[in-house]
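Here is the structure we will look at.
Derivation of every value follows stated rules applied to the coordinates shown; laboratory data play no part. Everything quoted here is computed from the prediction, not taken from an experiment. In this analysis, Cβ positions are derived from the backbone assuming ideal geometry, glycine residues included, and neighbour counts consider all displayed protein chains.
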Amino acid sequence: MKKEFDTTTQEYVEIIYELQQLNKVARVKDIARKRGVTLSSVSTALNVLRDKKLIRHESYGLVELTDRGFSLGASLEKKHKTLKNFFTEILGVKDSVAEDNACTFEHYVNPEILDSLVDFIAFFEKNPAWLEKYNKFKQITE
């Protein structure tokens, strides 16, 4: 299965989604700060996102996700949170390490593997008996 959107597109959509969830709006300067890039880099990326029908943006205006962009952002956030939670709560990884790796994992792993892993984690979390067995196994192998 091929990814519908490249990594950079996904990262920008995820940032815009997060900003809209926090502030109700996304501004070019906030996107640039969060992404660690220049305003002109953001402007270039926004043109690409607009061409892909993921955002609405007028020059010097606010950035707004379209329904398609919002759906992608929500999906990316869900996968990111699921992975981070799995890394910290199940595997016991430090929060900062889990955050960085969840982000990398969600953007670079084959979508078929990622979707299957997210489904497995959801199953694992909803079945506490599995978690207890895993924790016992970890104690034995340490």
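Quick look at the numbers
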quantity	calculated
Cα convex hull of the range 7-70, projected area averaged across orientations, nm²	3.7
Efficiency of FRET from Cβ geometry, Asp51 and Val25, R₀ 30 Å, rounded to 0.05	0.85
Simple label model, 7 Å out from Cα along Cβ direction - Lys81 to Asp119, nm	2.1
Max mean-square fluctuation residue, GNM over the chain, Cα-Cα springs under 10 Å, options Glu64, Glu125, Glu106	Glu125
Trypsin sites (Lys or Arg not before Pro) within the range 53-95: DSSP coil, no more than 11 neighbouring Cβ in 10 Å	Lys53, Lys94
GNM top mover of Phe123, Phe87, Phe70 - the chain, alpha-carbon springs below 10 Å	Phe123
Per-pair calculated FRET efficiency, R0 = 30 Å: Glu142 and Ala74 via Cβ, rounded to 0.05	0.20
Too-long pairs where the Cα-Cα distance tops 31 Å, listed order kept, from Lys3/Lys29; Lys3/Lys136; Lys34/Lys133; Lys24/Lys133; Lys29/Lys126; Lys81/Lys133	Lys3/Lys136; Lys34/Lys133; Lys24/Lys133; Lys29/Lys126
For Gln21, net neighbour charge (Lys/Arg +1, Asp/Glu -1) across residues whose Cβ lies under 11 Å away	-2
Value at 222 nm in deg cm²/dmol, rounded to 500, when DSSP H runs of n ≥ 4 in the chain each add -39,500 (n - 2.57)	-23000 deg cm²/dmol
